[in-house]
1. If only one of A108, A118, A112, A129 is farther than 19 Å from R171 by Cα, touching a Leu at 6+ places or on another chain (Cβ under 6 Å) and not aromatic (F, W, Y), which one is it?
2. Quick one: count up the residues across segment 60-99 that are buried (at least 17 other Cβ atoms within 10 Å of the Cβ), within 25 Å of the chain's Cα centre (by Cα) and either of a type in the set (S, T, N, Q) or more than 30 Å from L136 (Cα to Cα) (or both).
3. Tally up the residues in segment 13-60 that are in contact with a Pro (Cβ under 6 Å, 6 or more places away or on another chain) and either under 21 Å from E293 (Cβ atoms) or among the charged types (D, E, K, R) (or both), please.
4. Only one of (1) buried (at least 19 other Cβ atoms within 10 Å of the Cβ); (2) touching a Ser or Thr at 6+ places or on another chain (Cβ under 8 Å) is not met by T283, so which one is it?
5. Could you count how many residues in segment 230-265 are under 33 Å from the mean Cα position of the chain (by Cα) and surrounded by 15 or more Cβ atoms within 10 Å (Cβ to Cβ)?
6. Within segment 142-158, how many residues turn out to be of a type in the set (D, E, K, R) and surrounded by fewer than 23 Cβ atoms within 10 Å (Cβ to Cβ)?
Amino acid sequence: MERAVHAAGLTKRYGDFVAVKGIDFDVPFGICFGILGPNGAGKTTTIRMITCRFPPDGGTLHVLGLDVRTHGRRIKERFGLVPQENNLDEDLSLLENLELYGRYFGMAGKEARRKAVALLEFMQLAEKAREPVKALSGGMKRRAMIARALINDPELLILDEPTTGLDPQARVLLWDRLRDLKDRGVTLLLTTHYMDEAERLCDELVIMHEGAIIDRDTPRRLVDRHVGRWAAEIELTAAPDPKAVAAQLPSSLRRWELVGRILHLFADDQSVLAEAVQRFPHTAQHIRPANLEDVFLVRTGREITE
């Protein structure tokens, strides 16, 4: 068994609507693999098929070497899931939530308590172990959900939009814990619409758009391949004429995109962008390193937040 997840032609329909359109991807063991895309791209539906909640309507899907159609129960025993929504019992303490989940996997009381204590320590929640969940911050609840998902020593940890709604400090702390998990040999599969999250955490990723996979690679190679090292944004003062804009641009640019009144320029050399922005005086301008947000823009013609 060489892959944690293998999908080929994976399809999911809701009536006449095709939510996932025959996608192919593999998740190797030992890495952090990302499914990146905007809301409605099909990410959560894909996760629900991987976690055996929704049956595929077409294609092949193997998780941990097992077919999801015939071995759902065995698969569920071997992965951990952190869903988007908080589904902890708000009236129980953190420790009680984890102990109860351990008993679900057949653990004796003492073993469940031992593992719960160790996992809360790992997630930096030991001091909150006996507090009711409803008294905790959103970031603490999210870390508690990860601790709970680890109670069965999963080979694969699946996280659906793990940092949605968290403040920057809580996001950074959670990222740190996820890196530690990967260092311990846990394979991570996460969905996100945050480009910085994908760049910081993912060894490999696929980009989903409207139910299809439109690209796949490492974050760095995706950026280098599609847009180069540097990006510039110019806010034009009036509704632009694309032909007039193109006439002003140097041929040394890698590419450019016009979205509304925002002109996006891409190049391998920062000096090329410095020259280009000078051709648009009296405008708001910004030059920065290129990122996955730019890749999504040039691949779809839209920003991921649209």
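The numbers here are math on the coordinates, done by the rules we state, and not lab data. Source: prediction; values computed, not measured. Quick reminder, even Gly has a Cβ in these numbers, built from the backbone with ideal geometry, and neighbours come from all protein chains shown.
1. Being farther than 19 Å from R171 by Cα, touching a Leu at 6+ places or on another chain (Cβ under 6 Å) and not aromatic (F, W, Y) holds for just one of A108, A118, A112, A129, which is A129.
2. So the answer is 7.
3. Number of matching residues: 0.
4. Status for T283: all satisfied but (1).
5. 15
6. 2
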